[in-house]
Amino acid sequence: CLTDGIYRCGSDFDAGDYYILSLYSDNANYDVSNTPNNFSFSSRIIRKIHVENGQYVKLTSALLIPSEQFDTSDWKKYGAFTIGKDLPAGDYKIVPISYEYSSKYANVSGNLAAYQITSQNPLSDVIDCNFLHEKQTYITLTEGQCLMINNAYLTLVGD
């Protein structure tokens, strides 16, 4: 796995399919470019990409994981839940939990949480993706959607 930095495919890692996973929050910022200084970031908790030799990948607050090392048979271990299968449909309160992250570049602590709702699975179209820095919110989940949470917990709320 690779994390924060700029990497060249073919030199630093092999060409192929990769998953990008947020280390915390919804800030898995990444981009793939043909030059080492022309990037425009995309934010999401998780995404799958394909990289060719000679391309560059820039990562911020993210992990680059080879697809063969990423187990998609059980999305729950990555914080992704299918509504109607893993969680019942309904209204939920989502609350951030404390988090600490240290690297040689920065020390981050506090409540850096996020949630992402997609149409079918964690890699499908994003319906809603929000950062929950030290605040709670309420969300409504419907059958068939997928909820991915990062550093937060859920409580089903009644009518």
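Being among the hydroxyl-bearing types (Ser, Thr, Tyr) and buried (at least 21 other Cβ atoms within 10 Å of the Cβ) is the filter; apply it to the stretch 114-159 and report the residue that is farthest from the chain's Cα centre (by Cα).
My answer is Thr118.
Hey, does the stretch 26-49 have a residue that's more than 24 Å from Val95 (Cα to Cα), at pLDDT 80 or above and either open to solvent by less than 50 Å² (accessible area, probe 1.4 Å) or over 15 Å from the mean Cα position of the chain (by Cα) (or both)?
Yes.
As an exercise: evaluate Tyr92 against (1) modelled with pLDDT under 90; (2) surrounded by 13 or more Cβ atoms within 10 Å (Cβ to Cβ); (3) under 27 Å from Asp128 (Cβ atoms); (4) among the hydroxyl-bearing types (Ser, Thr, Tyr) and give the number of the one condition it does not meet.
The number of the failed condition is (1).
The values are calculated or read from the model by the stated rules, or taken from the named source; none is laboratory data. This structure is a prediction, so every number in the text was calculated from the model and none was measured. So basically every Cβ, Gly included, is an ideal-geometry build from the backbone, and we count neighbours across all protein chains shown. Protein only, heavy atoms only, side chains kept; ligands, DNA and RNA dropped before computing areas. Shrake-Rupley method; radii C 1.70, N 1.55, O 1.52, S 1.80 Å.
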